[in-house]
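The values are calculated or read from the model by the stated rules, or taken from the named source; none is laboratory data. Everything numeric here is computed off the predicted structure, so don't read it as measured data. Glycine also receives a Cβ, built like all others from the backbone with ideal geometry; neighbour counts cover every protein chain displayed. We work out accessible area using only protein heavy atoms, side chains counted, and drop any ligands, DNA or RNA first. Shrake-Rupley method; radii C 1.70, N 1.55, O 1.52, S 1.80 Å.
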Amino acid sequence: MEKLKHTEGEWELIGREIKPMGLTSTITVVQLRTSKEETEANAKLISASPNLLGALIKLVKKYEFNMNSTQRANIELDEEYIESINAINKATE
């Protein structure tokens, strides 16, 4: 897997702004036709996304390492694995 292109590290949520730790830039979550609660929930999800992506990549690698030959031969039938790979690809391509 190639190097990830997003801003690395922890992201801090301050109100509706997301600040990558150690950087001066911020990402602002704009409230469009949603409630304040929904906007804040979206901001929380966005700020957690680097951690979620990193954890999913680690889980997939661990899963692949522990596969037996039968699992490898039938990998296209493993819905959770395929869903995980598709989510990683969506976030990184």
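Side notes on the structure shown:
- Rolling a 1.4 Å probe over the protein heavy atoms of segment 14-84, with every protein chain left in place, gives an accessible area that is 57 percent carbon and sulfur.
- Three-way shape label, the chain, alpha-carbon gyration tensor, a/c 1.5: prolate
- Spin-label proximity, ALA91 to segment 49-69 - amide N less than 16 Å from point 7 Å beyond Cα toward beta carbon: 49-63
- Accessible area per residue in Å² at 1.4 Å probe, computed on segment 17-72: 75
- Other residues whose C-beta falls under 14 angstrom from the C-beta of TYR63 contribute a net charge of -1, scoring Lys and Arg +1 and Asp and Glu -1.
- The long axis of helix 36-65 is offset from the longest Cα principal axis of the chain by roughly 20 degrees.
- Positive contributions from Lys and Arg (+1) and negative ones from Asp and Glu (-1), summed over other residues with Cβ under 13 Å from the Cβ of ALA48, come out at -2.
- Degrees, to the nearest 10: 79-92 long Cα axis against longest axis of the chain: 50
- Taking the average, over residues, of other Cβ atoms within 10 Å as the packing measure, peptides 67-76, 42-51 rank 42-51, 67-76 from highest down.
- Label-point separation, ASP78 to GLU37 (7 Å along Cα→Cβ), nm: 3.9
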